[in-house]
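What follows is calculated from the coordinates using simple rules that are stated; it is not laboratory data. As the structure is a prediction and not an experimental result, all values here were calculated from the model. Counting neighbours? That spans all protein chains shown, and the Cβs are built from the backbone with ideal geometry, glycine included.
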């Protein structure tokens, strides 16, 4: 694309760095901003900049937070003895949108994938084990995408928890094997949470 303004071209290039945003979409967004009141654009820019500067990660579950703890971990009405283990923050948002889970979360930061060079030491697994040891955790719910990497991660953590008095379950197979959790519709994901099964049964299917 050729632009008569270097400032416009620079803004389009920056927007096109975002995932799923091509040059044409980036141009449409930039032209939209040009139509807005300068004060609105300043507020938009400051909101994004402030988010990047000030956002934190919960010390307990690694979800995004405004302080040391996220709003879920600090909510006394949640079932604090139940932990839902997910791969990333997007999965927390997906599960929360179902309104079918009232426990807490733990974000692993990925899944074990030797082919991609991702091993257990590169995830938050040790922090999860430490949290389980320190708290009165009664149930661990695995809500990882149903694929080889997710299954490998579940198997590894289950073995690490061998001998502990804790119920270990996983979401039911309403999610197709090989699918990604964040793309599941809310109804399917909600039913999978409600119909979770013991990990032993899941891994030995």
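What angle do you read, to the nearest 10 degrees and between 0 and 90, between the alpha-carbon axis of helix 148-160 and the longest principal axis of the chain?
50 degrees
When a/c is below 1.5 the answer is rounded, else prolate if a/b is larger than b/c, else oblate, so apply that to region 6-54 with a ≥ b ≥ c taken from the square roots of the Cα gyration tensor eigenvalues.
Judged from the Cα gyration tensor, region 6-54 comes out oblate (a/c at least 1.5, b/c at or above a/b).
Note down the nm distance, to one decimal, between modelled labels 7 Å out along Cα→Cβ at residue 37 and at residue 130.
Once both label points are built, they end up 4.9 nm from each other.
Treating the angle as unsigned and between 0 and 90°, give the value, to the nearest 10°, between the Cα long axis of helix 125-134 and the longest Cα principal axis of the chain.
60 degrees
At R0 = 22 Å, how high is the FRET efficiency between residue 138 and residue 172 if r is their beta carbon distance? Nearest 0.05 is fine.
E between residue 138 and residue 172, to the nearest 0.05, is 0.65.
Mind checking which of 111, 30, 85 has the largest fluctuation in a GNM of the chain, springs on alpha carbons under 10 Å?
30
How big is the gap, in Å, between the Cα center of region 1-37 and the Cα center of region 72-120?
For region 1-37 versus region 72-120, the Cα centre distance is 35 Å.
Kindly express, to the nearest 10 degrees and within the range 0 to 90, the angle between helix 6-15's C-alpha long axis and the longest C-alpha principal axis of the chain.
With both axes taken from Cα atoms, the answer is about 10 degrees.
So if I take the alpha carbon set of the chain, get Rg, then get Rh from the Kirkwood formula, what is the Rg over Rh ratio?
My calculation puts Rg/Rh at 1.07.
Which of 104, 25, 152 ends up with the largest GNM mean-square fluctuation for the chain, with Cα atoms connected below 10 Å?
Comparing 104, 25, 152 in a Gaussian network model of the chain, the most mobile one is 25.
For residue 23 and residue 66, calculate 0.36 nm times their separation in residues minus their Cα-Cα distance, and state this gained length in nm to one decimal.
Between residue 23 and residue 66, full extension yields 12.2 nm more.
Just want to confirm a number: the relative contact order over region 1-92, from Cα pairs under 8 angstrom separated by 6+ residues, in percent.
12 percent
Restricting to DSSP H runs of at least four residues, report the calculated mean residue ellipticity at 222 nm for the chain, -39500 (n - 2.57) per run over all residues, nearest 500 deg cm²/dmol.
-12500 deg cm²/dmol
Relative contact order for the chain: what percent, with Cα pairs under 8 Å and sequence separation of 6 or more?
Dividing the mean separation by the residue count of the chain yields 15 percent.
In a GNM of the chain with a 10 Å cut-off on Cα contacts, which of 77, 106, 142 has the highest mean-square fluctuation?
Highest fluctuation of the listed residues: 77.
So, R0 is 41 Å and r is the distance between the beta-carbons of residue 57 and residue 159; what FRET efficiency does that work out to, to 0.05?
Given R0 = 41 Å and the Cβ-Cβ separation, E is 0.95.
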